[in-house]
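One structure is given here, and the rest of the page talks about it.
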Amino acid sequence: MKKLLFTLTALFIAQSVPAKTLVRINTIGASPRGQYVAFEEFGYKEGRKFPYSKIRVMNVWKNKYVDDPIQVIGKKEEENLHHVRKKAKDLALKKFKKFNIES
């Protein structure tokens with residue numbers, strides 16, 4: 001009886017919890033001396049099915065982000081996550097050159 005009650009309670013809780021954002025983080029590259037690291041956060045926004053990609057560069061020695069992040073959000077639910085990620089990476093190429101980041 002306790003197992004049945006536990007199972008029903010767990011099932012009820014699982015259905016009442018809202019869906020969260022699906023996020024992955026990927027390291028893109030680093031500068032030769034390791035001072036700057038570029039990484040990408042990508043996935044689907046919470047409550048929506050729109051893909052997004054955000055690329056940031058961090059100064060590891062100072063433990064601070066440099067510049068503003070580059071963020072691309074898909075405009076349609078049907079838009080492919082791969083295309084959104086490629087668009088963000090293309091926009092970030094100037095920033096990679098500025099900080100000598102090799103990807």
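The values are calculated or read from the model by the stated rules, or taken from the named source; none is laboratory data. Computed from a predicted structure; not experimentally measured. All Cβ positions, glycine included, derive from the backbone under ideal geometry; neighbour counts span all protein chains shown.
Of all residues in the stretch 58-89, count the ones that are assigned to a strand (DSSP E or B) and more than 13 Å from the chain's Cα centre (by Cα). Within the stretch 58-89, residues that are assigned to a strand (DSSP E or B) and more than 13 Å from the chain's Cα centre (by Cα) number 7. Residues in the stretch 79-93 that are crowded, with 17+ Cβ neighbours inside 10 Å and hydrophobic (A, V, I, L, M, F, W, C) were compared, and the one that is farthest from PHE42 (Cα to Cα) is ALA92.
Here the stretch 27-36 is the region considered, the condition is being out of contact with any Ser or Thr (no Cβ under 8 Å at 6 or more places or on another chain) and outside any loop (DSSP other than H, G, I, E, B), and the residue that is surrounded by the fewest Cβ atoms within 10 Å (Cβ to Cβ) is THR27.
Is it the case that some residue within the stretch 37-51 is modelled with pLDDT under 90 and either more than 22 Å from ALA88 (Cβ to Cβ) or assigned to a helix (DSSP H, G or I) (or both)? No: zero hits. Give me the pairs, please: first residue somewhere in the stretch 77-103 and under 17 Å from TYR65 (Cβ atoms), second residue anywhere and assigned to a helix (DSSP H, G or I), beta-carbon distance under 8 Å, and either six or more positions apart or on two chains. Between residues of the stretch 77-103 that are under 17 Å from TYR65 (Cβ atoms) and residues that are assigned to a helix (DSSP H, G or I), the close pairs are ILE101/LYS95.
Of everything in the stretch 36-54 that is free of Cβ contacts under 8 Å to residues at least 40 places away in the same chain and closer than 24 Å to ASN100 by Cβ, the residue that is farthest from the chain's Cα centre (by Cα) is PHE39.
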